[in-house]
Amino acid sequence: MAKTETTLFGWQGITLRVPPDWNLGRVDGDYKSGYARLDDDQIVRAEVEWREGAKRQLSVEQLVDRYLGGLEKKAKKAGMSFAATRRARFLKDKRWLEGSEYELFIWEADYRTYNLARACPQCGRIVLLRVLTRLQEKVEDLVDQIFGSLEDHPRQGQVSWSLYGLHFELPEAFKLSGQELKSGHLQLSFTRDRQTCRVHRFSLAHVLLKGVSLADWYQGFFRKQLRDFKVEVAAEDLRGHSGLRVRGQPRSRWLQLIRPLPFLNPRPRQFQDTRVWRCEAADKICIIDHLYRKREEGEDLPQRLSDGYFCHQKPQTDPGGDAQLPARPQ
Ligand SMILES: [Zn+2]
Ligand SMILES: [Zn+2]
């Protein structure tokens, strides 16, 4: 079959290979239950919903009944035609579904959607994956390819995060605690007990670094964060990129005492280990930050995280919407 070029999308343990111009348009929820939507530059292309299945009362078939019943009602109200095919046969290769409770179905209104509802036999997660196509589009092979690439749980304890051409793997103990998906600046924050890991990616590195060194730019932009540390910046290449390693030690208690600290929310004493590098190929500045309280928790997480193809993935387009560069420091 004709293979379409694809790129990896990964979010909260769900991974999927999709055409490179299908980009994250919306995300919601967390690891337990959530939703992600991928759009091309014109329409919604794929949606995935997930939920922990441990306390599930309905079978997959009943979930599909309920879901389609709701859609039908909505379509009726809107005066749209709606047709569903249950237990549809649109996948050529279904071997990977063997041993799991699932249903494939198609519904059509203005668009045709290919759907898979599945309970994972390994982790119990319930996933609904929906791929949208225009009615006249010929996409069977692509649909086969996308569905066949679906994975719904971490592999060997690592969660793949992959969006807008940014890719990394993080131990599953780190839970996503914040995200900012702006075109100039992507930022994902994760926490694990009292550790924080932040991944930043800045676009248009050549503009940000015009007339300023990477070290100076970094220290300027993150001035506020760095205030709490005794900082050491060393040039250190990272996987073929010129970069920096920034290590921060907590300031002495005495110095912390005389500094104007927030009265109600004193900042914790912590360590920082950060890798900063410039990817010329992708014109990005990439940063991985690890903040931790106990010296022994610093285990060079940024170095391990940068393994693989953090910035060398075939670049997807950047997030849509506001195309502003982050001009002001945090
Ligand atoms: Zn699973
Ligand atoms: Zn690179």
Notebook entry, point to check: Shape call for the range 61-113 from the C-alpha gyration tensor, a ≥ b ≥ c root eigenvalues: rounded (a/c under 1.5), prolate (a/b greater than b/c) or oblate?
Noted result: oblate
Next item on the list: Mind pulling the angle between the C-alpha long axis of helix 60-77 and the longest principal axis of the chain? Nearest 10 degrees, somewhere in 0 to 90.
Entry: 80
Note to self: If I stretch the segment between LEU68 and GLU5 completely, what's the gain in nm (0.36 nm per residue apart, minus their alpha carbon distance), one decimal?
What the structure shows: 19.5 nm
Notebook entry, point to check: For GLU61 and ARG295, what is the calculated FRET efficiency with R₀ set at 56 Å and r taken between the beta-carbons, to the nearest 0.05?
Noted result: 0.55
Check: Hey, rough spin-label estimate for LYS94 and SER81, points 7 angstrom out along Cα→Cβ, what's it come to in nanometres?
Finding: 2.7
Notebook entry, point to check: Counting only protein heavy atoms, what percent of the accessible surface of the range 158-305 is carbon or sulfur at a 1.4 Å probe?
Noted result: 49
Item checked: Cα gyration tensor, the range 7-148 - rounded (a/c under 1.5), prolate or oblate -> rounded
Margin query: Along its three principal axes, how long is the chain when you only count alpha carbons? Whole Å, largest extent first please.
Written below: 69, 42, 38
Checklist line | Percent RCO, i.e. relative contact order, over the range 9-114, from Cα pairs under 8 Å lying at least 6 residues apart | finding: 15
Next item on the list: Taking DSSP loops as anything outside H, G, I, E and B, show the longest stretch in the chain free of trypsin sites (Lys or Arg not before Pro) there with at most 12 other beta carbons within 10 Å.
Entry: 228-293
Next item on the list: Using Cα pairs closer than 8 Å and at least 6 residues apart in sequence, work out the relative contact order for the chain, in percent.
Entry: 16
Notebook entry, point to check: For HIS206 and GLN179, what does the FRET efficiency come to when R0 = 25 Å and r is the distance between their Cβ atoms, rounded to the nearest 0.05?
Noted result: 0.45
Checklist line | Most fluctuating residue given options ASP273, ASP289, ASP65, as computed from a GNM of the chain linking Cα atoms under 10 Å | finding: ASP65
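The values are calculated or read from the model by the stated rules, or taken from the named source; none is laboratory data. As the structure is a computational prediction, the values presented were derived from the model and not from experiment. Don't worry about glycine lacking a Cβ; one is built from the backbone with ideal geometry, like all the others, and counts go over all protein chains shown. To get the accessible areas, we keep the full protein, side chains included, count just its heavy atoms, and leave off ligands, DNA and RNA. Shrake-Rupley method; radii C 1.70, N 1.55, O 1.52, S 1.80 Å.
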